[in-house]
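**Student:** Please find one structure pasted underneath; my questions will follow.
The values are calculated or read from the model by the stated rules, or taken from the named source; none is laboratory data. Owing to the predicted nature of the structure, the values given are computational and were not obtained by experimental measurement. When we count neighbours, we look across all protein chains shown, and the Cβ atoms used for this are built from the backbone with ideal geometry, even at glycine. Note: accessible area is taken over every heavy atom of the protein model, side chains too, but ligands, DNA and RNA are not part of it. Shrake-Rupley method; radii C 1.70, N 1.55, O 1.52, S 1.80 Å.
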Amino acid sequence: MLSRSVASAVSQVSSSTSSLLPNSKQLFSFKTLSGYRSSSFCGGSIRKINHKPLRMTSSSMTPRAMASKQLENADQLIDSVETFIFDCDGVIWKGDKLIEGVPETLDMLRAKGKRLVFVTNNSTKSRKQYGKKFETLGLNVNEEEIFASSFAAAAYLQSINFPKDKKVYVIGEEGILKELELAGFQYLGGPDDGKKQIELKPGFLMEHEHDVGAVVVGFDRYFNYYKIQYGTLCIRENPGCLFIATNRDAVTHLTDAQEWAGGGSMVGALVGSTQREPLVVGKPSTFMMDYLADKFGIQKSQICMVGDRLDTDILFGQNGGCKTLLVLSGVTSISMLESPDNKIQPDFYTSKISDFLSPKAATV
Amino acid sequence: MAPQLLSSRTFKSLFDSVDTFLFDCDGVIWKGETLIDGVSQTIDLIRSKGKNVVFVTNNSVKSRRQYAEKFRSLGLSSVTQDEIFSSSFAAAMYLKFNNFPKDKKVYVIGGEGVLEELQIAGFTGLGGPEDGEKKAQWKSNCLFEHDKSVICVGLDPNINYYKLQYGTLCVRENPGCLFIATNRDAVGHMTDLQEWPGAGCMVAAMCGSTEREPIVVGKPSSFMMDFLLQKFGTDSSRMCMVGDRLDTDILFGQNAGCKTLLVLTGVTSESDLLEKGNKIEPDYYTRTVSDITKLMDSPSK
């Protein structure tokens, strides 16, 4: 599942994706976490960041022969890194319910001077809307610390200088629309197209706008045949039209009770009809990692990625050269981790992030 | 050998070497609801020369009975239900031949055709077009029920999140649940004017969420061919598969050792066929099925 066509991804990315500028760390200046100044990122004057081509596979990483270790010395891990990147679904919350012990854990890490960043593949909300969700759950998190795949899609288009006179067709929810709007891009589609019906009758021709230069596909509860056809027509018939996926997660925790079909389903549908592979901006692609390392001026070896999903969160961390911690409070169980079919071994695993509060040997 | 354009010389040798013509439907016989020119006369002519005619379609929206009605409404009343092999029928036959228990239920992401064929074969199929009206509820503590043992996925213009979720949960959580696909065609001529996403789209959506590959009963899988060969007691080398799609129709014919004839009235153009990247080469190709009528009457050079 991980061998997305990197070659085609690279060939489609414009020539502005050379390696990071040597002084790119200076692009955004930050004070220490407790008093940092917000960047002018959201919609204002945006500095162009030259991104490496989207990397998806683990070809660049050292093979991890060692099995994952249960986290026994949390303090040691905490002291060894400067930044924690947290996934959200299954790590911080499940559906709309906060996972036990999360607020105290985040407060403790901040008190120790750690930078906290939240990277979620869930594209239904914008960063601003996620900020509100954190607030509603009683968590002290700033919008600028949140990186959702909805934001990543807009940031990616900015990074390749996607022309502002071209449009973006969105198969996805409000979060993507809001982020595109903030970044100054014109868009079509979104949830409203969920109401559109088609009738396959003789003489019926579905038209599509020829100035759509990108189709962005993410998790979409209002998915239907109209949208699939619209996106398919744009990708197949508009020359150079990009096919971008926010993420390809197979399932997601929409509610705390069970898993729900994820963005991987909608993206799969478009792959099925276009027979093209998308550029993926969400985990495990390193796009968001490169972006935030650049933005905050952090070294990846000083980061610990904490997530509940092996093929997105942990692979994301490994591809980025970070330490990785798997929590079992989400989609992955211990038997899945230890299964002989599993090839992805995080450095550590533990039951939930509040295990950080008991520095020695948390029980799993 | 490179595909040969059908000429009066090559046509004669092809025609004499086969007893049965297998025709795909979308893009060969019709486009949407519109009959392709000259098809009716050609089918009659082939029959009059003592050859058998069979129709093999990946489109699972209709049952064999409904397809016979479609043929009739387009003026091809000689075509009977027994000559039609749709992937909807194939799905039901797959379950029958594998002795799938009749007390277990099938969830259908697809059209009425699949539901009808399942019922005829004695199975209980649920879902289908009416689930296109259903909306998933994602409330806290509200569990989405899912108790089916087979998910059958085909072309579904009424696809929605409810169906994707239903199918996903069954495949991921019900032990031994089968994931069957009628076919995986990427696009097709659902209307005469343009191509539309095919079953390949719905199947890929389900692969994306279940992380599993399906059992495919339609072309190019050999299931329908094995069924046909057994039913007609004939040799595949005495059959010619006529279709418009390389990766289903032509591959289906080649895999079984049939002769293959590509027509250009559907999804494949001459440049698609002749381009360097194409790996699937039919024995012959021609513009349209009615070329058979023209070539039958012209003297061979």
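**Student:** For the pairs A:LYS323/B:LYS135; A:LYS164/A:LYS196; A:LYS132/A:LYS283, note any where the Cα-Cα span goes beyond 32 Å.
**Tutor:** Flagged as over cut-off: A:LYS323/B:LYS135.
**Student:** Another one. Taking chain B as the reference, fit the longest principal axis to its C-alpha atoms, fit the long axis of helix B:87-97 to the helix C-alpha atoms, and give the angle between the two in degrees, 0 to 90, nearest 10.
**Tutor:** Tilt relative to chain B: about 70 degrees.
**Student:** Can you tell me the length gained on complete extension of the stretch B:LEU126 to B:ARG238, counting 0.36 nm per residue apart and subtracting the Cα distance?
**Tutor:** Separation in residues times 0.36 nm, less the Cα-Cα distance, equals 36.4 nm.
**Student:** Additional query: Hey, got the average number of other protein chain Cβ atoms within 10 angstrom for residues in B:109-119?
**Tutor:** That works out to 0 on average.
**Student:** Roughly speaking, to the nearest percent, how much of the stretch A:94-156's 1.4 Å accessible area is carbon and sulfur?
**Tutor:** Working: 1020 of 2280 Å².
The nonpolar share, carbon plus sulfur, comes to 45 percent.
**Student:** How large, in percent, is the carbon and sulfur part of the accessible surface of the stretch B:259-301 at a probe radius of 1.4 Å?
**Tutor:** 51 percent
**Student:** Quick one: Cα convex hull volume of the stretch B:60-150, Å³ per residue?
**Tutor:** Each residue corresponds to 91 Å³ of Cα convex hull volume.
**Student:** Round to a whole angstrom and tell me the spacing of the C-alpha centers of the stretch A:237-280 and the stretch B:93-112.
**Tutor:** Between the Cα centre of the stretch A:237-280 and that of the stretch B:93-112, the gap is 28 Å.
**Student:** Toward the positive end of the charge dipole of the stretch A:121-268, about the Cα centre and with charges on Cβ (Lys, Arg +1; Asp, Glu -1), which of A:GLY264, A:GLN229, A:HIS253 goes farthest?
**Tutor:** A:GLN229
**Student:** If you place +1 on the Cβ of every Lys and Arg, -1 on the Cβ of every Asp and Glu, and leave all else neutral, what size is the dipole of the stretch A:128-287 about its Cα centre, to the nearest 20 Debye?
**Tutor:** Approximately 280 debye in magnitude.
**Student:** Sticking with this one: Looking only at other chains, what is the average number of their beta-carbon atoms within 10 angstrom of each beta-carbon in B:193-203?
**Tutor:** Mean number of neighbouring Cβ atoms from other chains: 6.
**Student:** FRET efficiency for B:GLN4 and B:SER271, Cβ-Cβ distance as r, R0 = 22 Å, nearest 0.05?
**Tutor:** With a Förster radius of 22 Å, E is 0.85.
**Student:** With each label point set 7 Å from Cα along the Cα-Cβ vector, what nm distance links B:GLU69 and A:ASN73?
**Tutor:** Spacing of the two 7 Å Cα→Cβ label points: 7.5 nm.
**Student:** Where only protein heavy atoms count, and the probe is 1.4 Å, what is the accessible area per residue for the stretch B:1-147 in Å²?
**Tutor:** That works out to 44 Å² per residue.
**Student:** Per residue, what accessible area does the stretch B:197-301 have, given a 1.4 Å probe and all protein chains present, in Å²? Each step should come with its number before you reach the end.
**Tutor:** Working: 4250 Å² over 105 residues.
Result: 40 Å² per residue.
**Student:** Sequence neighbours fewer than 8 away in the same chain don't count; with that in mind, list the lysines whose C-alpha is under 22 Å from B:LYS231.
**Tutor:** Counting by Cα, and skipping residues close in sequence, B:LYS231 has these lysines nearby: B:LYS49, B:LYS51, B:LYS62, B:LYS96, B:LYS219, B:LYS259.
**Student:** Order A:145-154, B:195-204, A:68-77 from most to least packed using the mean count of other Cβ atoms within 10 Å. Write out the running numbers ahead of the final one.
**Tutor:** Working: A:145-154: 28.7, B:195-204: 26.2, A:68-77: 16.3.
Descending mean neighbour count gives A:145-154, B:195-204, A:68-77.
**Student:** Where in the stretch A:191-215 does accessible area fall by at least 50 Å² between the isolated chain and the complete protein assembly, at a 1.4 Å probe radius?
**Tutor:** Residues meeting the cut-off: A:LEU200, A:PRO202.
**Student:** Quick check: the distance between the Cα centres of the stretch A:162-235 and the stretch A:288-364, to the nearest angstrom?
**Tutor:** Between the Cα centre of the stretch A:162-235 and that of the stretch A:288-364, the gap is 34 Å.
**Student:** How far is it, in nm, from the label point at B:GLU173 to the one at A:GLU199 when both lie 7 Å from their Cα along the line to the Cβ?
**Tutor:** The two pseudo-label positions are separated by 3.8 nm.
**Student:** Under 37 °C and 0.692 mPa s, how fast does the stretch A:279-351 diffuse according to Stokes-Einstein, given a Kirkwood radius computed over C-alpha pairs? Answer in µm²/s, whole number.
**Tutor:** Estimated diffusion coefficient is 263 µm²/s.
**Student:** Within the stretch A:90-165, report the trypsin sites (Lys or Arg not before Pro) that DSSP leaves as loop and that have at most 12 other Cβ atoms within 10 Å.
**Tutor:** A:LYS112, A:LYS164
**Student:** Within 10 Å, count the other beta carbons around each residue, average over each peptide in B:187-193, A:212-218, and list them highest first.
**Tutor:** So the order, starting with the most tightly packed, is A:212-218, B:187-193.
**Student:** Return the value, in Å² to the nearest 100, of accessible area buried between chains B and A (probe 1.4 Å, both sides summed).
**Tutor:** Answer for the B-A pair: about 3400 Å² buried.
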